[in-house]
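Where a number appears in this text, it was derived from the coordinates with a stated rule and is not lab data. All values derive from a computational prediction rather than experimental measurement. FYI the Cβ positions are ideal-geometry reconstructions off the backbone, even for glycines, and counts take in every protein chain you see.
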Amino acid sequence: MPIISKMYCSSSQAVLVVRRRPHVISGGGFVVTDCSQKVAFKVDGCGILGKKDEMILRDSDGDALLLFRRKGATVEALSIYRRWRGYSLDYEGSQDQMVFCLKEPNSCLARTRAIRISTKATKNKDWDFEIKGNFPDKDCCIVDSKGKTMAQIGVNKELMASEDLYHVVVTPGTDQAFVIGVITILDYIYGESTRC
């Protein structure tokens with residue numbers, strides 16, 4: 001199902017490898033490769049951009065696909081959720097339109113609730129996708145509102161000895177750019193490589 005573009009939907013299962021970039025050397029963020037070790041996506045965190053609560057997802061050519069921003073602090077203080085928005089970027093890199101919104105629980109009243117994602121196509125429901133499991137342990141998945149797994153995030157301890165590597169298995173027809181966009185925000189929320 002295309003959310004960013006059908007160009008990022010594969011007819012077969014895709015296994016992507018995420019490699020975190022260190023803050024000290026390259027300003028943070030991460031690189032995503034496919035099974036043939038070709039770069040599929042790059043994520044620039046605030047260490048590169050110089051702005052807190054903002055990240056950019058780039059394609060394999062380095063062109064910006066999505067800009068991620070957290071909604072303003074004043075409004076957020078009054079809400080039980082923090083809202084992250086993913087905006088598509090036009091060919092000159094300026095913000096175009098919102099593609100999806102991720103709601104992160106923000107208060108003790110909402111801590112038991114899952115992180116949920118709504119897309120611009122959401123109608124008559126609160127959410128389209130949610131995160132099940134634990135992202136900091138790299139043991140989670142993105143499921144749709146019907147409970148179908150769209151992507152599985154994990155670590156194969158035998159193949160990936162480094163804590164800076166983990167894999168993402170994306171089901172056929174799922175937008176890989178969208179999945180990596182959600183992972184970008186989760187990475188920031190849990191204080192990993194995209195955070196300053």
task = Mind listing the long-range amide H neighbours of residue 166? Cut-off is under 5 Å, sequence gap 5 or more, other chains count too, H placed in the peptide plane at 1.01 Å from N.
result = 18
Net charge, residue 60 excluded, C-beta distance under 15 Å - Lys, Arg +1, Asp, Glu -1 = -1
query = Could you give me the ³J(HN,Hα) list for the range 146-156, computed from phi with Karplus coefficients 6.51, -1.76, 1.60 and θ = phi - 60°, whole Hz, x at Gly and Pro?
reply = 8, x, 6, 6, 9, 7, 10, 9, x, 10, 9
task = Beta carbons within 10 angstrom, averaged per residue: use that to sort the peptides 141-149, 183-191, highest first.
result = 183-191, 141-149
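So which of 6/52; 42/148; 52/125; 6/157; 6/71; 103/138 end up more than 24 Å apart, counting from Cα to Cα? All intermediate terms of the calculation are to be shown ahead of the outcome.
Details: 6/52 30 Å; 42/148 27 Å; 52/125 31 Å; 6/157 32 Å; 6/71 27 Å; 103/138 19 Å.
The answer is 6/52; 42/148; 52/125; 6/157; 6/71.
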request  = For every other residue with a beta carbon closer than 13 angstrom to the beta carbon of residue 174, add +1 if it is Lys or Arg and -1 if Asp or Glu, then tell me the sum.
outcome  = -1
query = Under 5 Å between amide H atoms, partner at least 5 residues away or on a different chain: which partners does residue 150 have, H built in plane at 1.01 Å?
reply = 142, 143, 144
request  = Starting from the amide H of residue 4, placed 1.01 Å from N in the peptide plane, find each other amide H under 5 Å away whose residue is 5 or more places distant or on another chain.
outcome  = 178
